[in-house]
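Trainee: I'd like to ask some things about the structure below.
The values are calculated or read from the model by the stated rules, or taken from the named source; none is laboratory data. Note that the coordinates shown come from a computational prediction; the quantities given were computed from them, not determined experimentally. No Cβ is skipped: glycine too gets one built from the backbone with ideal geometry, and neighbour counts run over all protein chains shown.
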Amino acid sequence: MRLFSLLLFLSFSLSAAFAQQELLRVNGNSKPNKSQLNQKIKMAKYILNSSSLLNRLQASNDNVASELVARAKDNLHKIEAYMNGKQFLEAGAVIDFVLRDLSASSQLLNISSQLKKKYQTVLEKLEAFVLPEWKNITEIDRKFLQDNLTRINELRNDAIIESQSEAYDEAIKLLDTAYFLKLSLINELQHENTVIYDLNFDSEQEEYLYLFNRTYHYLDLVDLTLSKKEINFQARKLADDTVYLSMVNLEVAQDMESEGKLSEAIHILGKSINQLSSVLKLLGIKI
């Protein structure tokens, strides 16, 4: 938000200079077309009075976008005065600034909305990543595990705090770090057998979403392991072929889910996860 505030400050500082340049440009050409001028004013009024803009502003809490919209409203009142006084040159210069401010505010709201959706997706991905329960590990490894679990929880909490002040970009970075810390735990503790928690689901849709996210978790883990391990040609080919089959099953499962065939989709996701589990075992990770 500090960057947006700086941009807004610069925008305010330069507005007078731009207005002078616009007036010079307009004065140097023919008188502005009154019909086109009225069309621009009508467009600006429509945008400012639309419930869509108000709802988006309230939902985003974006102070910069709100300031831009407020400035556009003030300038629109000036334009009305210019039009009443038949000062069409001045009105033509200012209406362009009104439309620029409205366009800039819309872009900021779009960015904020997209980042918010991405933040929510990354948070759901992190929380869907259920770590296994390690048994019979050394005290050193147990301390390593506990320290990292504490750090993961801190990163998640910090991300939520950042999101509350609309700093979604920072929140996403923190969640990404937490996610890859979870991945690294399995990679670092791969010498131990693990047991996955049994889960009960309230609906088939909930089970499908869990398995869908878990499939991507396994894909991420396979990708991370392949990037760090050196394996022979035959093992690599087998891994690549199995991952391909798993991704085909994932695509089929998505099609099944879109058709409302949740039982079939769940069954196919299970096959996809088993295939990826086989690849992990091939790479030395027992799950």
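Trainee: Does Tyr210 satisfy the condition of being at pLDDT 80 or above, within 28 Å of Arg156 (Cβ to Cβ) and part of a helix (DSSP H, G or I)?
Mentor: On the way: at pLDDT 80 or above: yes; within 28 Å of Arg156 (Cβ to Cβ): yes; part of a helix (DSSP H, G or I): yes.
Taking the combined requirement at face value, the residue satisfies it.
Trainee: Quick check, is Glu154 modelled with pLDDT of 90 or more and in the same structural domain as Thr177 (by TED's automatic domain parsing)?
Mentor: Numbers: modelled with pLDDT of 90 or more: yes; in the same structural domain as Thr177 (by TED's automatic domain parsing): yes.
It is true that Glu154 is modelled with pLDDT of 90 or more and in the same structural domain as Thr177 (by TED's automatic domain parsing).
Trainee: Among residues belonging to segment 92-113 that are under 23 Å from Glu80 (Cα atoms) and either among the charged types (D, E, K, R) or at pLDDT below 70 (or both), point out the one that is surrounded by the fewest Cβ atoms within 10 Å (Cβ to Cβ).
Mentor: This residue is Arg100.
Trainee: Quick one: His267 ticks every box in (1) closer than 16 Å to Glu207 by Cβ; (2) in contact (Cβ under 8 Å) with a residue 40 or more places away in the chain bar one, so which box is it?
Mentor: All conditions pass for His267, except number (2).
Trainee: Could I ask something else about it? So Asn213 passes all but one of these: (1) surrounded by fewer than 16 Cβ atoms within 10 Å (Cβ to Cβ); (2) polar (S, T, N, Q); (3) touching an Asp or Glu at 6+ places or on another chain (Cβ under 9 Å). Which condition number does it fail?
Mentor: The failed condition is (1).
Trainee: Is it true that some residue in segment 254-266 is hydrophobic (A, V, I, L, M, F, W, C), closer than 22 Å to Ser184 by Cα and either part of a helix (DSSP H, G or I) or not assigned by TED's automatic domain parsing to the domain that holds Lys228 (or both)? Please lay out each step first, then the result.
Mentor: The initial filter retains those residues of segment 254-266 that are hydrophobic (A, V, I, L, M, F, W, C), namely 256, 262, 265-266.
Adding the requirement that they be closer than 22 Å to Ser184 by Cα leaves none.
The answer is no; no qualifying residue exists.
Trainee: To continue, here is another question. Only one residue in Leu189, Leu250, Leu262 is in contact with a helix residue (DSSP H, G or I) (Cβ under 7 Å, 6 or more places away or on another chain), at pLDDT below 80 and surrounded by 16 or more Cβ atoms within 10 Å (Cβ to Cβ). Which one? Lay out the reasoning, then the answer.
Mentor: Working: Leu250 fails: at pLDDT below 80; Leu262 fails: at pLDDT below 80.
From the options Leu189, Leu250, Leu262, the qualifying one is Leu189.
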